[in-house]
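Single-structure report; data block below.
Every read-out reported here was derived from the displayed coordinates using simple, explicitly stated rules and does not represent laboratory data. Model, not experiment: these values are computed from the prediction. Every residue, glycine as well, gets a Cβ built from its backbone with ideal geometry; the counts of neighbours run over all protein chains shown.
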Amino acid sequence: KIKGLIFDLDGVLVFTDKFHYQAWKTMADELGVYFDETINHRLRGVSRMDSLEIILERYEGPDLSLREKEKLAEKKNEIYRTLLESMTPDDVTKEVRDTLTKLREKGYKLAIGSSSKNAKFILEKVELKDAFDAISDGNNITKSKPDPEVFLKAAEYLGLPPKACMVVEDAEAGIKAAKKGGMYAAGIGEAAKSINADESLKTFSELLDIVDK
Ligand code: G6P
Ligand code: MG
């Protein structure tokens with residue numbers, strides 16, 4: 001029986017893909033590395049440093065030290081944070097807000113399970129922080145999705161066993177992480193067609209029908 005829901009943030013509750021893309025693109029252009037939307041796609045759910053490594057697959061310049069890589073990731077993050085500043089509560093749909101409220105009214109515990117170190121900042125910008133009982137994000141993990149760590153921490157913060165949790169994800173890496181962690185996985189958006197997901201959501205509010213099943 002499901003007692004808690006763990007939500008990925010980027011691509012499920014808010015749509016920050018375009019900001020990630022713009023920020024990585026600016027960094028990549030400066031470094032002279034080819035980067036496009038298709039490569040950006042592979043970065044969903046992947047941590048900042050792992051994302052950088054994927055972008056650097058196309059890099060042909062002299063070897064970069066760890067410090068230089070950290071500088072590049074910092075530069076990307078500065079650009080990304082500036083873009084996030086433009087976010088407002090209007091960036092969360094009424095459907096998402098109402099569904100979260102109704103799930104809570106039904107007694108479900110709600111958590112965030114995001115690889116992002118900017119998760120709390122984003123939740124504050126869109127005024128969604130109070131909708132959750134717990135937040136597990138890029139700041140409390142050492143391994144990013146498809147490792148289940150971020151979701152296992154979220155379940156622990158909620159005080160629930162993994163098998164009582166349903167993860168809602170838009171990325172394949174997240175669906176894999178949920179299954180590895182012993183949780184139910186509901187795919188939405190891109191991940192709605194994942195063969196590894198237990199449930200496929202066409203709309204966010206469908207969650208209200210499937211959790212009680
Ligand atoms: C989310 C996004 C990824 C991003 C990661 C780290 O999982 O889907 O695209 O790379 O968070 O984000 P951060 O804000 O910590 O750089
Ligand atoms: Mg996502």
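Peptide packing for 113-120, 15-22 was compared via the average number of neighbouring C-beta atoms within 10 Å per residue; ordered from the highest value, the list is 113-120, 15-22.
Considering only alpha-carbon pairs that sit under 8 angstrom and 6 or more positions apart, the relative contact order computed for the chain is 25 percent.
Between I55, I135, I39, the residue with the greatest mean-square fluctuation in the GNM of the chain (Cα pairs under 10 Å linked by springs) is I39.
Between R104 and R81, the contour length at 0.36 nm per residue exceeds the Cα-Cα span by 5.3 nm. Per-peptide packing, taken as the mean over residues of other Cβ atoms within 10 Å, places 82-90, 96-104 in the sequence 96-104, 82-90 from highest down.
Placing unit charges on the Cβ atoms of the charged side chains and taking the dipole of the chain about its Cα centre, the candidate lying farthest along the positive direction among A28, L52, L207 is L207. Here the simple spin-label model places points 7 Å from the Cα toward Cβ, and for E206 and K129 these points are separated by 3.3 nm. At an R0 of 22 angstrom, the distance between the Cβ atoms of D90 and D17 translates into a FRET efficiency of 0.80. With respect to the cross-link table entries K75/K102; K25/K94; K75/K145; K3/K117, which display a Cα-Cα separation exceeding 28 Å? Result: K75/K102; K25/K94 exceed 28 Å. Less than 5 angstrom separates the built amide H of K109 from those of G4, L5, all sequence-distant by 5 or more or on a different chain. A Gaussian network model of the chain, with springs between Cα atoms under 10 Å, assigns the largest mean-square fluctuation among R48, R67, R81 to R67. Take 29-37, 171-179, 189-197 and order them by the average number of nearby Cβ atoms within 10 Å per residue, most first; the result is 171-179, 189-197, 29-37. By definition, a body whose alpha carbon gyration tensor gives a ≥ b ≥ c is rounded when a/c is under 1.5, and the range 89-197 falls into this rounded group.
Based on DSSP, what percent of beta bridges with both residues in the chain are antiparallel, to the nearest 5? Given both bridge residues lie in the chain, the antiparallel proportion sits at roughly 0 percent. The 3J(HN,Hα) values that the Karplus relation (6.51, -1.76, 1.60; θ = phi - 60°) gives for the range 161-175 are, in residue order, x, x, 5, 9, 10, 10, 9, 10, 9, 10, 10, 4, 4, x, 5 Hz. Gly and Pro appear as x. Applying the Karplus relation 6.51 cos²θ - 1.76 cosθ + 1.60 with θ = phi - 60° to the range 4-11 yields 3J(HN,Hα) values of x, 10, 10, 9, 5, 9, 5, x Hz, where x marks Gly and Pro. Placing +1 on the Cβ of every Lys and Arg and -1 on the Cβ of every Asp and Glu, with nothing else charged, gives the chain a dipole about its Cα centre of roughly 660 debye.
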